[in-house]
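The values are calculated or read from the model by the stated rules, or taken from the named source; none is laboratory data. Being a predicted model, the structure only gives us computed values, none of them experimental. All Cβ positions, glycine included, derive from the backbone under ideal geometry; neighbour counts span all protein chains shown. Note: areas computed on protein heavy atoms with side chains; ligands, DNA, RNA excluded. Shrake-Rupley method; radii C 1.70, N 1.55, O 1.52, S 1.80 Å.
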Amino acid sequence: MFRRTVRVVVSAATLLVLLPIALAYAVLHASLPPLDGTLSAPTLGAAVSIERDALGIPTLRAANRADLAYATGFVHGQDRFFQMDLSRRLAAGELAEVFGAVALEQDEKARLFRFRHLAVIGLAQASPEQRALIAAYTRGVNAALASLHSRPWEYWLLGAAPAPWRAEDTILVSYAMWWDLQYGGFRRELLKREINARLAGPECAPGWKCALEFLYPSGTLWDSPNGAPSATARSPAVFDGLGIRALHVATAAADATADESDAGSNNWALAGRLTASGAALVASDMHLSLRVPTIWYRARLRTAASPQGAGLDLNGVTLPGTPLLVAGSNGHVAWAFTNSYGKWLDLEPVECLSVGDTELRSRQGSVPLTVTHEEIRVHGAPSVSLAVKSAAMGVLFLAQPEAGRCWFGRWLALVPEANNLNLQGMESAGSVDEVLRLAPGIGIPHQNAIVGDREGHIAWTVFGRIPLDAGPQRLSGQGPWTSAREHPRVVDPTSGRLWSANARPVDNVQAEALLGGDEALTGAGYDLGARAQQISADLAALPPRAAPADMLRIQLDDRAVFLERWHTLILELLDTPALHDHPRRAEFRGYVAAWNGRASVDSVGYRLVREYRDKTDRAVWRMILHALGITDDAPPPDQFEQALWELVTTRPANQLAADYGSWRELLLGQIDAAIVELTESCADLAHCTWGAHHSVRIRHPLSGALPYLARLIDMPSLELPGDHNMPRVQDGAFGASERFAVSPGQEAQAYLHIAGGQSGHPLSPFYRAGFGAWARGEALPFLPGSVQHRLLLQPGTR
């Protein structure tokens, strides 16, 4: 009897444990989308087929462009709705409505720009064809939601219901990219202005020159712009008597957030005469913060030929929330992007003693303010009202009346005409010439576009609207935009090679002025250029008749070219006197001497050289700021590298702080500091490998709050090679969001992989499919594979 009672109790307890798990699984499983069969879609003009391969990559076949947009919205809604929802809410400042007060600060930052209001304006300004496309896409997204037997799984965890997709939400997703790619510029602008105000004072630190000199990016060893036969340089930084007051503030704060990864990417193209196919060969790897699900969604989008023209056959990556192909090939032209740095936003300081509800007061009088009250809904709490204030100078970005300053921001993103859906024109572009005619009117966050066509032509230009005015009114939206005649471009260079890696893209004064405005002479935030130069050298070393596989080898190039001279410097510093009675220095030198010259996961030497260079960079930068009386612990910018190198190699006494007896003491001190920090981290230098230092954890947005689900919803944690300042960029969860290389018309020989799976559902077989190939750097076919699932969307009655 006792045993029977125990069995009953155990069975009941087991049931109590398993029943909630079974119910949770049933609910989770019910939110998986249908992949096979037939569904009714009353608003379609004709049947649409959705064919998925073993990786979940869909091929969409439709009779016309509107039906294709519907199908694109449908698959995005099936696989990525939560991602789309976060994107629109990020731009609109509506995250707190789902996540509660924890997201309120972010929403307040975004609401300053009133992107939902701008999205409504942008939708009204779109062409009738574009509005019809967005409307069809919106219907497809909402039909996908309706096809699920349960709400997407994330909303069960959040205790919320998904809000239907609206037409303006597609415009908001575009604004989310503006935010991701350009908003960080405001932080850099603020720091630049603050440091500049300090530098403008009459005082000078003893022994320091009061004149400003600027290390222009094209004056560095690493400059390698398109259109230049080799690394060209204007005059590098001039150190009069090797004493400087400071670098120009654009250098002083070009990386105000150097501890965070700025948006960056690689792309390049080879002319047809250098490729195996005779067509241009375009390569892309866009570097972004990596998350689950990954930002891009692979797709093949096809329409049938009609009396009005040939059908579409688009292959590449799409952005969930929008109906267009972002990068890839249309069979005639291929294109790829890197983020374009330039004068796209600005902050203007205005004296202010107080800020009221309708005016700003200064010693010169008052400035009237226009005020709009934005309601921010907060999950589980009362709504918050935010007063958005603006004036003729822009939106009130930051008020500091206690310091006598207020900052007004301008941003091209706030000009409705700067954002549009004209990227759609790429779908039918037949040549590089056609692309160059389209480029000035394409309204997206500014991108270096590399394009190539079937005939072998290649070009670099900028996708993104550019004001003709390089002066103070540049960002007002009131002046004219560039036309095809003025828009920056480089076409069919004699070398047959073009590349872009966020550095100075072109060696042309007029083009640089259009990109950089009044900051053209101070770099406009460009990357240092070491990565671009290494790509340029890799391209020059290619054998004749290059193929896509050659492009992948360049994308995976983790050679430490940038750090080679620092490696040599360490070995020179750690000479016999430096090693005397310093066994830890001797151990350090041994690992540095044995390095393999790569950012490989098992390399101790690479990590040691990298750590030493970073410590020296920060130490010298702080020394300069402190000598100027600047206490801000601003991180050193990328563009400081050449000035740093000149200082540590020439070692001018009048540049050295009194804390150090000599430059040698400073430089050896950084080695000792690196040893202390590394041994604290690793216990033993032998265990201080590069891979252990920056393991890659690509996480779902909810895993931090739900750690017990992390193993289910995050990607596997990995050690991967790569670093900044080399083609294979990898820094924790920042790196290549995709890699592809394709010749238009030769898609069957091309490759493409993305940093995750197609589906955003952890029970889907497509959740992690393809992630391993991306991590290992293995090529996956550019075109979808054989059909594993087929879903038919059939017009019918409502």
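Out of region 397-419, which residues are touching a strand residue (DSSP E or B) at 6+ places or on another chain (Cβ under 8 Å), hydrophobic (A, V, I, L, M, F, W, C) and in contact (Cβ under 8 Å) with a residue 60 or more places away in the chain?
Across region 397-419, the qualifying residues are PHE397, LEU398, TRP407, PHE408, TRP411, LEU412, ALA413, LEU414.
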Looking across region 588-616 at residues that are in a helix (DSSP H, G or I) and open to solvent by less than 10 Å² (accessible area, probe 1.4 Å), the single one that is nearest to PHE640 (Cα to Cα) is THR616
Subset of region 441-454 (residues that are closer than 21 Å to LEU412 by Cβ and either open to solvent by 10 Å² or more (accessible area, probe 1.4 Å) or within 15 Å of the chain's Cα centre (by Cα) (or both)): GLY441, ILE444, PRO445, HIS446, GLN447, ASN448, ALA449
Taking SER49 and the conditions (1) of a type in the set (Ser, Thr, Tyr); (2) farther than 22 Å from LEU325 by Cβ; (3) at pLDDT 95 or above, which numbered condition does it fall short on, given that it satisfies the others? (2)
Answer yes or no as to whether THR649 is within 30 Å of ARG711 (Cα to Cα), modelled with pLDDT of 95 or more and open to solvent by 20 Å² or more (accessible area, probe 1.4 Å). no
Given the condition touching a Lys or Arg at 6+ places or on another chain (Cβ under 6 Å), open to solvent by 20 Å² or more (accessible area, probe 1.4 Å) and either part of a strand (DSSP E or B) or of a type in the set (Asp, Glu) (or both), answer yes or no: does some residue in region 359-369 qualify? no
Taking the condition small (Gly, Ala, Ser) and surrounded by fewer than 18 Cβ atoms within 10 Å (Cβ to Cβ), does ALA327 pass? no
Going through region 343-358 one residue at a time, which ones are open to solvent by less than 20 Å² (accessible area, probe 1.4 Å) and either among the basic types (Lys, Arg) or not in a strand (DSSP E or B) (or both)? LYS343, TRP344, CYS352
Restricting to region 748-779, name every residue that is more than 15 Å from ASP79 (Cα to Cα) and open to solvent by 40 Å² or more (accessible area, probe 1.4 Å). ALA748, GLN749, ARG776, GLU778, ALA779
Matching residues in region 63-108 (among the small types (Gly, Ala, Ser), under 19 Å from GLN424 (Cβ atoms) and open to solvent by less than 10 Å² (accessible area, probe 1.4 Å)) number 3
Condition met for LEU608 (over 27 Å from the mean Cα position of the chain (by Cα), at pLDDT below 80 and over 18 Å from ALA530 (Cβ atoms)): no
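Given region 679-798, what helices (runs of 4 or more DSSP H) lie entirely inside it while holding 1 or more residues that are within 30 Å of THR43 (Cβ to Cβ), of a type in the set (Lys, Arg) and touching a residue at least 12 places away in the same chain (Cβ under 8 Å)? So that I can check it myself, show each step before the final result.
Values: elements: 690-693, 710-713, 771-776.
Helices (runs of 4 or more DSSP H) meeting the threshold: none at all.
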Starting from region 494-515, keep only residues that are free of Cβ contacts under 8 Å to residues at least 40 places away in the same chain, then list their pairs with residues that are surrounded by fewer than 23 Cβ atoms within 10 Å (Cβ to Cβ) whose Cβ atoms are within a distance under 6 Å, requiring at least 6 positions of separation or different chains. GLU512/ALA520
Are any of the residues in region 745-755 among the polar types (S, T, N, Q), within 27 Å of GLY452 (Cβ to Cβ) and in contact with a helix residue (DSSP H, G or I) (Cβ under 7 Å, 6 or more places away or on another chain)? yes
Quick check on region 41-55. Is at least one of its residues under 28 Å from LEU386 (Cβ atoms), among the aliphatic types (A, V, I, L, M), open to solvent by 10 Å² or more (accessible area, probe 1.4 Å) and in contact with a helix residue (DSSP H, G or I) (Cβ under 7 Å, 6 or more places away or on another chain)? no
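Kindly provide the set of residues from region 391-404 that are in a strand (DSSP E or B) and open to solvent by 50 Å² or more (accessible area, probe 1.4 Å), ordered by number.
Residue satisfying the conditions is LEU398 alone.
Conditions (1) open to solvent by 10 Å² or more (accessible area, probe 1.4 Å); (2) part of a loop (DSSP other than H, G, I, E, B); (3) among the aliphatic types (A, V, I, L, M); (4) touching a Gly at 6+ places or on another chain (Cβ under 7 Å), marked per residue:
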{"residue": "ARG291", "(1), (2), (3), (4)": "yes, yes, no, no"}
{"residue": "GLY311", "(1), (2), (3), (4)": "yes, yes, no, no"}
{"residue": "ASN315", "(1), (2), (3), (4)": "no, no, no, yes"}
{"residue": "ALA336", "(1), (2), (3), (4)": "no, no, yes, no"}
Among ASP714, ASP723, ASP672, which is the only one that is in contact with an Asp or Glu (Cβ under 8 Å, 6 or more places away or on another chain), over 30 Å from GLY456 (Cβ atoms), modelled with pLDDT of 95 or more and among the acidic types (Asp, Glu)? ASP723
Odd one out for TRP566, checked against (1) open to solvent by less than 70 Å² (accessible area, probe 1.4 Å); (2) under 27 Å from TYR341 (Cα atoms); (3) assigned to a helix (DSSP H, G or I); (4) not basic (Lys, Arg): (2)
Which residues, counting only those in region 569-587, are in contact (Cβ under 8 Å) with a residue 40 or more places away in the chain and either of a type in the set (D, E, K, R) or not in a loop (DSSP other than H, G, I, E, B) (or both)? LEU569, ILE570, LEU573, ALA578, ARG584, ARG585, GLU587
Of the residues that make up region 375-390, is at least one crowded, with 24+ Cβ neighbours inside 10 Å and either of a type in the set (A, V, I, L, M) or part of a loop (DSSP other than H, G, I, E, B) (or both)? no
Where LEU475 falls short, out of the listed (1) modelled with pLDDT of 95 or more; (2) surrounded by 18 or more Cβ atoms within 10 Å (Cβ to Cβ): (1)
Which condition does LEU157 not pass, out of (1) over 24 Å from ALA30 (Cβ atoms); (2) touching a helix residue (DSSP H, G or I) at 6+ places or on another chain (Cβ under 9 Å); (3) open to solvent by 40 Å² or more (accessible area, probe 1.4 Å), if it passes all the others? (1)
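Return yes or no: is SER284 more than 22 Å from PHE74 (Cβ to Cβ), outside any strand (DSSP E or B) and either modelled with pLDDT of 95 or more or open to solvent by less than 10 Å² (accessible area, probe 1.4 Å) (or both)? Write out each step before concluding.
Numbers: more than 22 Å from PHE74 (Cβ to Cβ): yes; outside any strand (DSSP E or B): no; either modelled with pLDDT of 95 or more or open to solvent by less than 10 Å² (accessible area, probe 1.4 Å) (or both): yes.
No.
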From GLY321, GLY331, which residue is at pLDDT 95 or above, more than 20 Å from the chain's Cα centre (by Cα), assigned to a loop (DSSP other than H, G, I, E, B) and of a type outside the set (A, V, I, L, M, F, W, C)? GLY331
Scan region 405-431 residue by residue and report those that are surrounded by fewer than 24 Cβ atoms within 10 Å (Cβ to Cβ) and under 21 Å from VAL742 (Cα atoms). LEU423, GLN424, GLY425, GLU427, SER428, ALA429, GLY430, SER431
